[in-house]
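Chemist: Structure in structure tokens, see below.
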Amino acid sequence: MRTLLVVFLAPLFAVACTHGPKSASANLGGTSWQLVKFQGGDGTVLTPDDKSKYMLAFDPDGVVSARIDCNRARGGWKSAGPNQLEFGPMAATRAQCPPGSLHDQIVRQLPHVRSYVMKNGHLFLSLMADGGIYEFEPAPR
């Protein structure tokens with residue numbers, strides 16, 4: 001059991017160490033967001049059935065916590081420069097979400113986020129290679 005615990009926790013510890021406070025951007029640290037929509041590079045627009053089921057919380061210490069529909073995730077994030085953003089590996093629960101969920105798409109695409117912009121109180125996360133943009137609004141407190 002101890003070996004299993006070490007195998008599971010070691011990657012999380014490594015993520016926390018490599019994505020610590022020195023790389024965390026002051027703009028995102030301490031903020032929480034809920035998904036408004038995804039607009040694909042091909043013009044596809046997807047909206048969640050319930051915004052509160054898709055949330056990101058950026059800790060100032062470089063850890064991101066997420067609710068992605070019926071699952072929870074936690075991992076690292078860093079911002080190497082203005083408007084740059086990368087997510088590290090995420091540890092996540094693996095429940096099967098209902099049909100119509102955006103879970104699989106978000107989990108697949110989150111590692112491809114490379115930049116962000118804050119405009120009119122919203123957070124826009126851009127995927128590399130014009131793959132699309134996720135729009136978030138501040139999460140209710």
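Chemist: Among the residues of region 59-97, count how many are among the polar types (S, T, N, Q), touching a residue at least 12 places away in the same chain (Cβ under 8 Å) and closer than 18 Å to G29 by Cβ.
Modeler: Selection size over region 59-97: 3.
Chemist: Next up: Select, from A80, A24, the only residue that is touching a Gly at 6+ places or on another chain (Cβ under 8 Å), over 15 Å from Y134 (Cβ atoms) and at pLDDT below 95.
Modeler: None of the other options fit; the residue is A24.
Chemist: Of the residues that sit in region 26-59 and are hydrophobic (A, V, I, L, M, F, W, C) and over 14 Å from P138 (Cα atoms), which one is most open to solvent (accessible area, probe 1.4 Å)? Walk me through it before giving the result.
Modeler: Restricting attention to region 26-59, the residues satisfying the condition of being hydrophobic (A, V, I, L, M, F, W, C) are 26, 28, 33, 35-36, 38, 45-46, 55-58.
Remaining after also requiring over 14 Å from P138 (Cα atoms): 26, 38, 45-46.
Details: A26: 95, F38: 11, V45: 77, L46: 54 Å².
By that ranking, first place goes to A26.
Chemist: Name the single residue that is surrounded by the fewest Cβ atoms within 10 Å (Cβ to Cβ) among those in region 60-108 being charged (D, E, K, R) and closer than 15 Å to Q34 by Cα.
Modeler: Only one residue fits best here, namely R72.
Chemist: Filter region 62-76 down to residues that are on the phi > 0 side of the Ramachandran plot and out of contact with any helix residue (DSSP H, G or I) (no Cβ under 8 Å at 6 or more places or on another chain), then give me how many there are.
Modeler: Residues flagged as on the phi > 0 side of the Ramachandran plot and out of contact with any helix residue (DSSP H, G or I) (no Cβ under 8 Å at 6 or more places or on another chain) within region 62-76 amount to 0.
Chemist: Which of (1) at pLDDT 95 or above; (2) more than 20 Å from I133 (Cα to Cα); (3) loosely packed, with under 13 Cβ neighbours inside 10 Å is the odd one out, the single condition C17 does not satisfy?
Modeler: (1)
Chemist: If you scan region 111-137, which residues turn out to be open to solvent by 50 Å² or more (accessible area, probe 1.4 Å), within 13 Å of the chain's Cα centre (by Cα) and not charged (D, E, K, R)?
Modeler: The answer is P111, H112, F124, I133.
Chemist: Any residue at all in region 53-63 that is in contact with an Asp or Glu (Cβ under 6 Å, 6 or more places away or on another chain) and either outside any helix (DSSP H, G or I) or modelled with pLDDT of 95 or more (or both)? Can you show your working first?
Modeler: At the first step, the residues of region 53-63 found to be in contact with an Asp or Glu (Cβ under 6 Å, 6 or more places away or on another chain) are 53.
If we keep only those that are either outside any helix (DSSP H, G or I) or modelled with pLDDT of 95 or more (or both) too, we end up with 53.
Checked region 53-63: at least one residue is in contact with an Asp or Glu (Cβ under 6 Å, 6 or more places away or on another chain) and either outside any helix (DSSP H, G or I) or modelled with pLDDT of 95 or more (or both).
Chemist: Is it fair to say M90 is within 12 Å of the chain's Cα centre (by Cα) and under 19 Å from A139 (Cα atoms)? Steps first, please.
Modeler: Working: within 12 Å of the chain's Cα centre (by Cα): yes; under 19 Å from A139 (Cα atoms): no.
Taking the combined requirement at face value, the residue does not satisfy it.
The values are calculated or read from the model by the stated rules, or taken from the named source; none is laboratory data. Computed from a predicted structure; not experimentally measured. Virtual Cβ from ideal backbone geometry, glycine too; neighbours counted across all protein chains shown. Side chains are part of the model used for accessible areas, which takes the heavy atoms of the whole protein and leaves out ligands, DNA and RNA. Shrake-Rupley method; radii C 1.70, N 1.55, O 1.52, S 1.80 Å.
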